[in-house]
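Before I ask anything, here is the structure I am working with.
The values are calculated or read from the model by the stated rules, or taken from the named source; none is laboratory data. On a predicted model such as this, the values are computed, not experimentally measured, just so you know. Backbone-built Cβ (ideal geometry, glycine too); neighbour counts: all protein chains shown. Ligands, DNA and RNA are stripped out before the accessible areas are found, and what is left, the full protein with its side chains, is counted by its heavy atoms. Shrake-Rupley method; radii C 1.70, N 1.55, O 1.52, S 1.80 Å.
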Amino acid sequence: NAGVTQTPKFHILKIGQSMTLQCTQDMNHNYMYWYRQDPGMGLKLIYYSVGAGITDKGEVPNGYNVSRSTTEDFPLRLELAAPSQTSVYFCASSYSVQGNQPQHFGDGTRLSIL
Amino acid sequence: AQTVTQSQPEMSVQEAETVTLSCTYDTSENNYYLFWYKQPPSRQMILVIRQEAYKQQNATENRFSVNFQKAAKSFSLKISDSQLGDTAMYFCAFMKRTGNQFYFGTGTSLTVIP
């Protein structure tokens, strides 16, 4: 099973450029999430979605945008990339929002902004 | 606001020995979930164990068990018979029962020594 797939795995971006990180899941999960993980830190929620057409901000949404046109896909867009957005980005999905339903994580995208 | 504290940035243990990782949290919620996630060098986030706050019995999963002290807001992870494959970052996380995001600690880097 593919699970949660993120592309690319690594990318270098110049300051001010834009980029979309792709995330797709094949488990028919309604809930999808984007996290960032800074060095030495735990994951922080950027945006999440409870279903196609519905998105909401998490803890650190500034500088990012998301869309959810299908159940499977949940891309994360960086507009006007800044060095502070250098991080590892994780996409996750779950069947429901309840804590007894585990979140499935992708392998992460390491993004460097220079 | 919810906070999760892991006070041990790094730990090591001899193969086959037992190690305990500490986690404390702060919340005004009465119903919530607590998790331990493992992140090996491959970066994938893997759920190790989950505890529901309304259950007094400590969760166990094979060699992994927790000591959940609700009044003290403590949630430690015990790994028995440590194996080389246990080498990873371990993150403690909190989620409200009706919530939609994790609150992660800063992690403990565990090295199992042959």
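Given the stretch B:10-83, what whole percent of its Cα pairs are spread farther than 20 Å?
Working: 896 of 2701 pairs.
For the stretch B:10-83, the fraction of Cα-Cα distances above 20 Å is 33 percent.
In Å² (nearest 100), what accessible area is buried between B and A, both sides summed, heavy protein atoms only, 1.4 Å probe? Please list the in-between numbers first.
Numbers: alone 6450 and 6260 Å², together 10800 Å².
That pair of chains buries around 1900 Å² in total.
Only loop residues by DSSP count here, and only those with at most 12 other Cβ atoms within 10 Å; note down the trypsin sites (Lys or Arg not before Pro) in the stretch B:1-63 that meet that.
Values: sites: B:38, B:43, B:50, B:55, B:63; in loops: B:43, B:55, B:63.
Passing both the DSSP loop test and the Cβ count: B:55.
Alpha carbons only, please: Rg and Dmax for the protein assembly as shown, in angstrom.
Taking only Cα atoms of the protein assembly as shown, I get Rg and Dmax of 17.6, 52 Å.
Something else: Mind scanning B:38/B:78; A:57/B:96; B:55/B:96; A:44/B:96; B:73/B:96; A:44/B:70 and naming the pairs with a C-alpha gap bigger than 19 Å?
Numbers: B:38/B:78 13 Å; A:57/B:96 17 Å; B:55/B:96 15 Å; A:44/B:96 15 Å; B:73/B:96 14 Å; A:44/B:70 24 Å.
Pairs exceeding the cut-off: A:44/B:70.
With a 1.4 Å probe and every protein chain left in place, work out the accessible area per residue of chain A in Å², rounded to a whole number.
On the way: 5310 Å² over 114 residues.
Normalised by residue count, the accessible surface of chain A is 47 Å².
Could you state the orientation-averaged shadow area of the convex hull built on the Cα atoms of the stretch A:25-79, in nm² to one decimal? Could you put the intermediate results ahead of the total?
Values: hull surface 16.1 nm².
Quarter of the Cα hull surface area: 4.0 nm².
Next question. Starting from the stretch B:1-95, pick out the chymotrypsin sites (Phe, Trp or Tyr not before Pro) whose DSSP state is loop and whose Cβ has at most 12 other Cβ atoms within 10 Å. Don't skip to the answer; put the middle values down first.
Numbers: sites: B:25, B:32, B:33, B:35, B:36, B:37, B:54, B:64, B:68, B:75, B:90, B:91, B:94; in loops: B:54.
Passing both the DSSP loop test and the Cβ count: B:54.
Can you tell me the dipole magnitude for chain A around its Cα centre, using point charges on the Cβ only (Lys, Arg +1; Asp, Glu -1), in Debye to the nearest 20? Don't jump to the answer; show the numbers that get you there.
Values: 8 positive and 8 negative charges, 54 e Å.
For chain A, the charge dipole is close to 260 debye.
Per residue, how much accessible surface does the stretch B:1-112 expose to a 1.4 Å probe? Answer in Å², no decimals. Display every interim value, and only then the final one.
Numbers: 5310 Å² over 112 residues.
Per residue, the stretch B:1-112 has 47 Å² of solvent-accessible surface.
Next question, about the same structure. 7 Å from Cα along Cα→Cβ at both residue B:83 and residue A:80: what's the point-to-point distance in nm?
That separation, rounded to one decimal, is 5.0 nm.
Per 0.36 nm of contour for each residue apart, how much would the distance between residue A:62 and residue A:38 grow if the chain were fully extended, relative to their Cα-Cα spacing?
Extra length available between residue A:62 and residue A:38 comes to 7.1 nm.
Taking R0 as 25 Å, what's the FRET efficiency between residue B:8 and residue A:112 from their Cβ-Cβ distance, rounded to 0.05? Walk me through the intermediate numbers first.
Working: r = 29 Å, r/R0 = 1.16.
Step by step, r from the Cβ atoms, then E = 0.30.
Continuing with the same structure: Taking beta carbons within 10 Å but only from partner chains, what does the mean come to for residues A:35-46?
Details: counts 4, 0, 7, 1, 0, 5, 5, 14, 10, 4, 5, 1.
The shielding value for this peptide is 5.
Can you find, among B:87, B:33, B:58, the residue sitting farthest towards the positive end of the charge dipole of the protein assembly as shown, where Lys and Arg contribute +1 and Asp and Glu -1 at Cβ?
Of B:87, B:33, B:58, it is B:33.
Spin-label point model (7 Å from Cα, Cβ direction): what's the residue B:58 to residue A:11 distance in nm?
Modelled inter-label distance: 4.5 nm.
May I have the pair-distance distribution P(r) for chain A, computed from all Cα-Cα distances with 5 Å bins from 0 and rounded to whole percent?
In order of increasing distance, the bins hold 2, 13, 24, 27, 19, 10, 4, 1, 0 percent.
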